[in-house]
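The values are calculated or read from the model by the stated rules, or taken from the named source; none is laboratory data. Just so we're clear, the structure is a prediction, and the values are computed from it rather than from any experiment. So basically every Cβ, Gly included, is an ideal-geometry build from the backbone, and we count neighbours across all protein chains shown. Protein only, heavy atoms only, side chains kept; ligands, DNA and RNA dropped before computing areas. Shrake-Rupley method; radii C 1.70, N 1.55, O 1.52, S 1.80 Å.
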Amino acid sequence: KIELAEAARLRFRVNGTEQIADARVLTDEGIVYTMIDYHAKREDTIELEKIVSIYTSQFDDKNIEDQATRSVEQAPSFDKLLEESTRAWKNIWQKADICLKGDRISQKLLRMHIYHLIVSASPHNTKLDASVTARGLHGEAYRGHIFWDELFILPFYDIHFPEVARSLLMYRYRRLGKAREYAREQGYKGAMFPWQSGSDGSEETQILHLNPVTSEWGPDHSSLQRHVSLAIAYDVWQYFHVTNDVDFVERYGAEMYLEICRFWADKTEFDEKTGRFSIKKVMGPDEFHEMYPGTDEGGLTDNAYTNIMVSWMFDQVPGMLKRMSEQAKTVLFEKIVLKEEELSQWNDIRRKLRLVISEDGIIAQYDGYFDLKELDWDHYRNKYGNIYRMDRLLKAEGKSADDYKVSKQADALMTFYNLDKEQVDHLLEEMGYELPEDYLEKNLKYYLARTSHGSTLSRVVHAQLAKIIGDDQLSWNLYFDALTSDYKDIQGGTTAEGIHTGVMAGTIMIAISTFAGIDLRGDILKINPALPERWKQMIFNLGFKGVTYNFELSGNFVKINTDKNAVIIVGGKEIKMNKGEKRNIFADE
């Protein structure tokens with residue numbers, strides 16, 4: 001029930017002189033034509049200038065037709081509008097650009113990715129009640145729905161355009177009522193956000209899926225990816241951590257966060273046999289596994305990524321509440337009827353969540369994963385070549401990915417994309433698990449050998465993980481695949497349905513976090529550069545906790561400038577920065 005009004009102003013010039021156009025407006029189903037008849041002479045220069053104004057009743061339903069008409073009547077010339085647009089774009093690029101030397105293709109593609117993000121959401125449309133869809137504004141895939149891709153997208157806005165990040169989070173807050181309703185419908189307390197969200201925040205996920213290999217329909221249980229709510233909680237926390245926007249947390253963010261906590265606490269079940277809490281009927285980020293072999297019911301038990309992130313989420317509650325004023329906290333607790341007993345329960349749950357871990361320190365993707373069959377990867381590579389969508393290939397052979405140790409993308413390992421290893425170590429220790437020192441490297445190698453990268457997001461995550469364990473070549477190969485994924489349409493046709501916004505944002509953030517070595521997960525910015533061999537120089541800006549930083553990296557050489565006094569850690573060494581001061585530092589000093 002949103003009305004749109006569109007008005008247009010058309011100017012017609014011949015040889016620089018404005019003419020009174022013999023214009024006729026014709027309409028057809030779904031389209032309006034303006035027809036102008038003019039007998040053109042040799043050497044004539046004919047110029048058409050059309051300016052369009054669009055108004056929506058979404059925010060102001062008072063005479064939107066009149067507003068649209070007045071807008072085009074009062075609009076300046078095309079040249080003036082172009083000048084204003086150019087100036088606005090220049091300001092955006094000064095904040096968001098990444099300048100590379102030594103690698104022209106990476107430079108061009110990073111800028112292309114920045115561009116696609118900005119036309120999807122920018123400081124000039126923060127009043128829109130919308131978020132960034134999985135395919136931006138560039139195609140019809142997923143029907144314009146919003147998924148968990150915000151987890152990859154929002155960090156870009158957090159460090160460059162926090163007002164946009166806040167606007168995108170407000171899209172979720174305005175649908176908190178629907179998330180509460182969805183939770184109640186499924187028998188839970190709190191707020192459960194949908195896997196696919198649209199205009200009103202209802203669950204829009206399909207329940208049938210078409211396999212293009214077989215042209216057959218089958219059941220689709222992907223709405224059980226409840227981890228989308230964890231992504232939203234993480235987005236709230238990440239925004240708050242980077243921006244220190246206490247006002248947002250007190251008025252909106254904490255309410256969302258705590259209601260998501262309440263949902264997950266209610267979804268846990270205590271098992272007397274194990275003495276631990278379990279979470280059932282969920283799917284992790286790996287979308288190949290929807291159910292257990294031999295069953296018809298969707299959902300898995302104790303997905304490692306889900307359980308670890310739930311533990312992390314509960315662990316952050318005291319710190320978030322501590323930053324709020326007592327008055328704001330009191331108002332919020334009364335509004336959502338939250339008692340201290342619930343907070344105590346969450347703390348107990350986070351220490352007793354169940355994970356399945358092998359004797360070698362491999363964290364099972366979910367309970368029962370180790371019982372699945374191994375896949376003959378060489379056979380399928382030789383048979384099909386492109387095995388990204390192994391789920392569809394297996395179904396075409398009358399088999400199911402649910403029976404095999406095969407993943408579409410990082411699942412258990414996704415935790416290490418969100419959190420640093422020290423934080424995950426802390427969570428596992430608090431949960432009572434002891435793992436070998438090299439468990440991350442073991443887990444990465446184990447799951448990498450069983451992942452088909454059916455989602456380009458998988459390459460983004462694994463590029464960071466490979467860098468963590470020191471495999472620079474693997475990290476670069478995965479990163480470059482992700483960087484070129486839409487440019488080359490490596491999935492064989494999906495880019496025509498719309499670009500992949502999450503991957504584009506992910507490649508930008510990997511360039512900054514993994515290769516430039518910027519770590520914003522603590523209270524002090526850390527930088528430990530490890531540029532790819534072909535990147536000779538990298539220049540970029542970012543904002544963190546109210547300070548704007550400008551970095552120029554070349555090898556192990558770092559040049560830093562800040563607009564306020566700040567403390568940073570370069571290569572493990574703490575350095576005090578004065579406002580406006582330019583410091584040249586060798587990272588290995």
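In Å², what does the accessible area per residue of region 349-432 work out to with a 1.4 Å probe?
42
Which aspartates and glutamates, on any chain, are close to K405 with Cα under 14 Å apart, when same-chain ones fewer than 8 places away are left out?
Qualifying aspartates and glutamates at Cα under 14 Å: D286, E287, E290, D367, D371, E374, D376, D391.
In whole percent, how big is the carbon plus sulfur part of the accessible area of region 268-402, probe 1.4 Å, protein atoms only?
Roughly 45 percent, rounded to a whole number.
If you split all Cα-Cα distances of region 411-561 into 5 Å bins from zero, what percentages do you get per bin, shortest first?
Distribution as computed: 2, 8, 17, 19, 19, 16, 11, 6, 2, 0 percent.
Describe numerically, in nm with one decimal, the distance between label points set 7 Å from Cα along Cα→Cβ at K127 and at D371.
So the two model labels end up 5.8 nm from each other.
For the chain, which DSSP H helices look membrane-span-like by this rule: Cα extent along the axis of 27 Å or more and mean Kyte-Doolittle of at least -1.0?
What comes out of the filter, once short or polar helices are dropped, is 304-323.
Past 23 Å, Cα to Cα: identify those pairs from K108/K573; K536/K559; K189/K273; K267/K352; K108/K536, in the order given.
Listed pairs above 23 Å: K108/K573; K189/K273.
Which percent of the accessible area of region 498-589 is formed by carbon and sulfur heavy atoms (probe 1.4 angstrom)?
C and S fraction of accessible area: 46 percent.
What share of all Cα pairs of region 542-589, in percent, falls into each consecutive 5 Å distance bin?
Histogramming region 542-589 at 5 Å steps yields 5, 22, 34, 26, 11, 1 percent.
Can you give the log10 of the normalised intensity I(q)/I(0) at q = 0.16, 0.26 Å⁻¹, computed with Debye over equal Cα scatterers of region 494-554?
Log10 I(q)/I(0), no solvent term: -0.60, -1.13.
Which parts of region 252-271 would a label at E297 reach, counting a residue when its backbone N lies under 17 Å from a point 7 Å out along Cα-to-Cβ?
Once the point is set 7 Å along Cα→Cβ of E297, 267-271 turn out to lie under 17 Å by backbone N, inside region 252-271.
Run the paramagnetic zone check for Q537: 7 angstrom along Cα to Cβ, then residues of region 553-574 with backbone nitrogen under 20 Å.
What the label zone holds, given the 20 Å backbone N cut-off, is 553-562.
Would you mind classifying region 117-252 by shape? Square roots of the alpha carbon gyration tensor eigenvalues, ordered a ≥ b ≥ c; an a/c under 1.5 is rounded, otherwise it is prolate if a/b is larger than b/c and oblate if not.
Verdict is oblate for region 117-252.
Taking R0 as 60 Å, what's the FRET efficiency between N565 and L208 from their Cβ-Cβ distance, rounded to 0.05?
Between N565 and L208 the formula returns 0.55.
Which FRET efficiency value, to the nearest 0.05, is calculated for R323 and K1 with the Förster distance at 35 angstrom and r the Cβ-Cβ distance?
So the FRET efficiency works out to roughly 0.35.
With charges set only on the Cβ (+1 for Lys and Arg, -1 for Asp and Glu), what does the dipole of region 167-207 come to about its Cα centre, in debye to the nearest 20?
Using only the charged Cβ atoms, the result is roughly 240 debye.
Length gain on complete extension for the stretch W89 to Q74, per 0.36 nm per residue less the alpha carbon to alpha carbon distance?
Length gained between W89 and Q74: 3.1 nm.
Ordering R175, R521, R450, R42 from largest to smallest accessible area (1.4 angstrom probe), what's the sequence?
Sorted descending by solvent-accessible area, the residues read R42, R521, R450, R175.
What nm distance separates the two modelled labels at A449 and I36, each placed 7 Å from Cα along Cα→Cβ?
Between A449 and I36, the label points sit 6.9 nm apart.
Would you work out if region 218-281 is rounded, prolate or oblate? Take a ≥ b ≥ c from the square roots of the eigenvalues of the alpha-carbon gyration tensor; rounded if a/c is under 1.5, else prolate when a/b is larger than b/c, oblate otherwise.
Oblate is the answer for region 218-281, as a/c is 1.5 or above yet b/c matches or exceeds a/b.
Between region 459-527 and region 398-437, how many Å separate their Cα centres?
19
Could you work out the relative contact order of the chain? I mean the mean sequence separation of Cα pairs under 8 Å and 6+ apart, divided by the number of residues, in percent.
Relative contact order, the chain: 13 percent.
Using only the Cα atoms of region 165-208, build the gyration tensor, take square roots of its eigenvalues as a ≥ b ≥ c, and label the shape rounded, prolate or oblate: rounded if a/c is under 1.5, else prolate if a/b is larger than b/c, else oblate.
Verdict is oblate for region 165-208.
For C99, C261, give the ranking by accessible area with the largest first, probe 1.4 Å.
C99, C261
Dipole magnitude of the chain about its Cα centre, charges +1 at Lys/Arg Cβ and -1 at Asp/Glu Cβ only, in debye to the nearest 20?
The calculation lands at about 1360 debye.
Work from the charge dipole of the chain (Cβ charges, +1 for Lys and Arg, -1 for Asp and Glu, about the Cα centre) and give the residue of Q206, Y487, T133 farthest towards its positive end.
Y487
Aspartates and glutamates within cross-link reach of K95: Cα-Cα under 15 Å, excluding same-chain residues under 8 positions apart?
Cα-Cα hits under 15 Å: D158, E163, E552, D563.
Give the accessible surface of region 183-229 per residue, rounded to a whole number of Å², with probe radius 1.4 Å and ligands, DNA and RNA excluded.
48
Taking the simple approach of a point 7 Å from Cα along Cα-to-Cβ for both R583 and E272, what is their distance in nm?
Computed distance between label sites R583 and E272 equals 6.0 nm.
Under a straight-distance cross-link criterion of Cα-Cα below 19 Å, which lysines are reachable from K50, leaving out those fewer than 8 residues away in the same chain?
K50 reaches K80.
Rolling a 1.4 angstrom probe over the protein chains, ignoring ligands and nucleic acids, what is the accessible area of S120 in square angstrom, nearest 10?
20
Given a Förster distance of 60 angstrom, what is the FRET efficiency for I105 paired with E430, based on the Cβ-Cβ distance and rounded to 0.05?
Given R0 = 60 Å and the Cβ-Cβ separation, E is 0.85.
Over the heavy atoms of L208, what accessible area does a 1.4 Å probe trace out, to the nearest 10 Å²?
Its accessible surface works out to 90 Å², give or take rounding.
What does the extension gain come out to for T484 and K339, with contour length at 0.36 nm per residue minus their alpha carbon separation?
47.2 nm
Residues in region 320-338 near a label at V246, defined as backbone nitrogen under 16 Å from the 7 Å Cα→Cβ point?
320-332
Let me spell out the model: positive unit charges on the Cβ of Lys and Arg, negative unit charges on the Cβ of Asp and Glu, origin at the Cα centre of region 471-589. What dipole size does that give, in debye rounded to 20?
Charge dipole of region 471-589: 620 debye, to the nearest 20.
For the chain, what is the convex hull (Cα atoms) projected area averaged across all directions, in square nanometres?
For the chain, the mean projected area of the Cα convex hull comes to 32.9 nm².
If eta is 1.567 mPa s and T is 4 °C, what Stokes-Einstein diffusion coefficient results for region 1-141, Kirkwood Rh from Cα pairs, in µm²/s?
68
Excluding ligands, DNA and RNA, what is the solvent-accessible area per residue of region 497-589 at a probe of 1.4 Å, expressed in Å²?
42
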